[in-house]
Amino acid sequence: MTDGQPDVTSGDPAVAHGRTTETPAGFRSGFACFVGRPNAGKSTLTNALVGTKIAIASSKPQTTRHAIRGIVHRPDAQLVLIDTPGLHKPRTLLGERLNDVVRGTWTEVDVIGVCLPADAKIGPGDTYLVSQLAALPKRPTLVAVATKSDLVSSDRMAQHLMAIQALEENLDIAWASIVPVSATAGAQLDVLADEIVTLLPEGPMLYPDGEITDEPEATLVAELIREAALEGVREELPHSITVEVEEMGLRAGRPEGKPLLDVYASMIVERDSQKGIVIGHRGTRLREIGAAARRQIEILLGTPVYLDLKVKVLKEWQRNAKYLNRLGF
């Protein structure tokens with residue numbers, strides 16, 4: 001993991017990363033993203049294809065707040081997947097900025113996978129999203145992904161695929177392919193990866209072999225803490241929680257072979273009443289969040305972790321440009 005990000009529009013990212021090995025003939029490389037309404041399975045699908053957890057997933061809408069890149073390494077290709085927030089009707093300045101992230105990503109990628117969950121009918125939100133893609137001046141190649149295939153019968157899936165096909169004529173688009181998948185069951189993931197790779201241009205590796213994301217570790221840690229905080233909270237609270245990692249580093253003076261990573265972080269909410277909900281009765285909720293987050297951080301980084309977790313209030317931070325800039329939005 002590195003802090004640097006290759007430029008997807010100009011130059012050679014492989015050179016920037018110091019890559020010197022020769023690219024095999026016919027090697028393909030490029031960028032793709034998954035889009036869809038909230039809770040369409042985008043982050044779960046990204047994690048499944050990358051083979052490890054780089055994007056948090058939750059049943060809460062608007063879970064994803066950053067464009068996080070995950071790298072799929074294959075002998076014949078390198079596919080960079082960009083996990084983006086769900087396009088939605090914004091109610092705050094944060095919402096507007098998240099939509100800007102989504103639309104900005106559309107201009108960078110070679111392929112867009114449109115996630116249309118099989119356990120729900122195609123609705124106005126899906127139609128609106130696809131119509132926005134159809135209106136792009138330079139449209140990436142579109143692949144329809146029927147997610148959550150494990151949740152429906154074969155008859156229901158057939159109806160769903162026909163409805164996806166009908167979007168072509170209704171919205172003046174053309175699917176390069178339509179692929180049913182289940183990220184949780186691992187069904188058809190190889191088929192989807194193959195389909196996307198065939199649509200990438202020939203080119204060199206964009207990242208060093210073995211690198212799975214270019215996100216800073218502090219960003220990934222903050223996201224894992226937020227994921228733990230989202231579990232079991234009230235409907236109005238998820239949008240109001242963000243996490244700031246204030247300090248992170250290996251503790252000095254530890255015995256060789258027994259490292260300990262110190263993480264000092266704050267969960268940030270908008271009101272004092274929300275702070276009470278996150279802390280819970282006598283701190284029980286806060287301890288649960290800390291324990292769950294610590295386990296996930298240790299899995300991600302492969303080292304024992306000491307997590308110091310606090311809760312702070314920043315009044316109406318989602319609507320305050322100064323706060324948003326400070327928090328990296």
On full extension of the chain, what length is gained from Ala321 through Glu169, given 0.36 nm per residue of separation minus the C-alpha to C-alpha distance? 50.6 nm
Compute the Cα gyration tensor for segment 217-326, then decide on rounded, prolate or oblate, letting a ≥ b ≥ c be the square roots of its eigenvalues: rounded whenever a/c is under 1.5, prolate when a/b is larger than b/c in the other cases, and oblate in all that remain. prolate
Spherically averaged projected area in nm², based on the convex hull that wraps the Cα atoms of the chain: 18.8
State, to one decimal in nm², a quarter of the convex hull surface area for the C-alpha atoms of segment 13-198, i.e. the direction-averaged projected area. 11.3
per DSSP, antiparallel bridges as share of beta bridges in segment 217-326, % nearest 5, sits at 45
Taking Cα atoms of segment 109-157, Rg/Rh with Kirkwood Rh, to two decimals? 1.04
For Leu136 and Met162 in the same chain, what is the full-extension length gain: residue separation times 0.36 nm, less their Cα-Cα distance, in nm? 6.9 nm
Using the 10 angstrom Cβ neighbour count as an exposure proxy, how do Cys115, Cys33 rank, fewest first? Cys33, Cys115
At a threshold of 8 angstrom on Cα-Cα distance, excluding pairs fewer than six apart, so keeping six or more, what relative contact order does segment 117-261 reach in percent? 18
Can you give the helix-only mean residue ellipticity at 222 nm for the chain, where every DSSP H stretch with n ≥ 4 adds -39500 (n - 2.57) and the sum goes over all residues, rounded to the nearest 500 deg cm²/dmol? -10500 deg cm²/dmol
Can you check what the net charge comes to around Gly70, using other residues whose Cβ is under 12 Å from the Cβ of Gly70 (Lys, Arg +1; Asp, Glu -1)? -1
Tell me the trypsin sites (Lys or Arg not before Pro) within segment 145-250 that lie in a loop according to DSSP and have at most 14 other beta-carbon atoms within 10 Å. Arg234
Residue among Phe34, Ala229, Met248 farthest towards the positive dipole end of the chain, charges placed on Cβ: Ala229
Report, for the chain, the % of DSSP beta bridges that are antiparallel, rounded to 5. 35
Which distance in Å, rounded to a whole number, links the C-alpha centroids of segment 267-329 and segment 197-230? 22
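Where a number appears in this text, it was derived from the coordinates with a stated rule and is not lab data. Treat the numbers as computed from the prediction; the structure is a model and nothing was measured. Quick reminder, even Gly has a Cβ in these numbers, built from the backbone with ideal geometry, and neighbours come from all protein chains shown.
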